[in-house]
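The values are calculated or read from the model by the stated rules, or taken from the named source; none is laboratory data. A quick note: this is a predicted structure, and the numbers were derived from the prediction, not measured. Note that we place each Cβ from the backbone using ideal geometry, even for glycine, and neighbour counts take in every protein chain shown.
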């Protein structure tokens with residue numbers, strides 16, 4: 001018994017602005033501004049992702065623009081001070097890039113972003129070729145599913161399957177992503193199962209399970 005499984009491929013941006021390892025600093029900054037993105041993958045050898053350049057990678061150039069880093073800064077922030085003097089993507093990029101496959105689940109992507117403290121993930125195929133990019137905002141798209149769609153999926157995948165003989169006695173309402181289940185079911189042991197499965201439906205914000213045992217005769 002499973003609900004619709006959405007993957008990275010369902011929410012990722014498939015048209016991606018990229019640069020090559022020899023792209024100059026100013027061209028990278030221009031691409032980020034023009035396309036209103038916060039980072040660009042660096043690709044080489046047939047769209048294989050070799051790194052990623054973010055706004056954060058460009059900022060040291062401005063930070064140390066009017067005063068060169070002192071000895072303490074150089075010792076404490078070797079990466080940043082090195083980037084302050086860099087002019088090409090291959091020198092500025094974070095490498096290897098943290099990537100994910102198009103078939104990965106949305107929770108997998110969210111956990112990887114949180115664990116690696118990144119805001120977006122290049123999406124690559126088995127050969128490392130770029131297929132898209134997924135951001136934290138993309139992962140939130142699933143919560144924009146219409147309430148009617150969520151209610152229909154909960155009824156079809158949870159209520160109808162768990163309670164085939166009494167599904168008509170269960171009411172499912174979804175408002176702003178919050179699912180409310182009310183009614184009477186023959187087996188109270190299945191009530192927490194219903195709540196858990198309803199919560200697992202992609203796009204559900206919270207479940208208010210008010211199911212009860214058999215109605216009094």
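A few notes on this one:
- Apart from one condition, residue 53 fits all of (1) at pLDDT 90 or above; (2) in contact with a helix residue (DSSP H, G or I) (Cβ under 6 Å, 6 or more places away or on another chain); (3) not in a strand (DSSP E or B); the exception is (3).
- Annotation: of all residues in segment 143-176 being in contact with a helix residue (DSSP H, G or I) (Cβ under 6 Å, 6 or more places away or on another chain) and not in a strand (DSSP E or B), the one that is nearest to residue 54 (Cα to Cα) is 154.
- Residue 138 vs. criteria in a helix (DSSP H, G or I) and in contact (Cβ under 8 Å) with a residue 24 or more places away in the chain: yes
- Options 183, 203, 213; residue that is in contact with a helix residue (DSSP H, G or I) (Cβ under 6 Å, 6 or more places away or on another chain) and surrounded by 20 or more Cβ atoms within 10 Å (Cβ to Cβ): 203
- Conditions (1) under 20 Å from residue 7 (Cβ atoms); (2) modelled with pLDDT of 95 or more: number failed by residue 172: (1)
- Residue within segment 199-213 that is touching a strand residue (DSSP E or B) at 6+ places or on another chain (Cβ under 6 Å) and assigned to a helix (DSSP H, G or I) present: yes
- Just one residue in the set 103, 132 is in a loop (DSSP other than H, G, I, E, B), under 28 Å from residue 49 (Cβ atoms), at pLDDT 95 or above and in contact with a strand residue (DSSP E or B) (Cβ under 7 Å, 6 or more places away or on another chain); that residue is 103.
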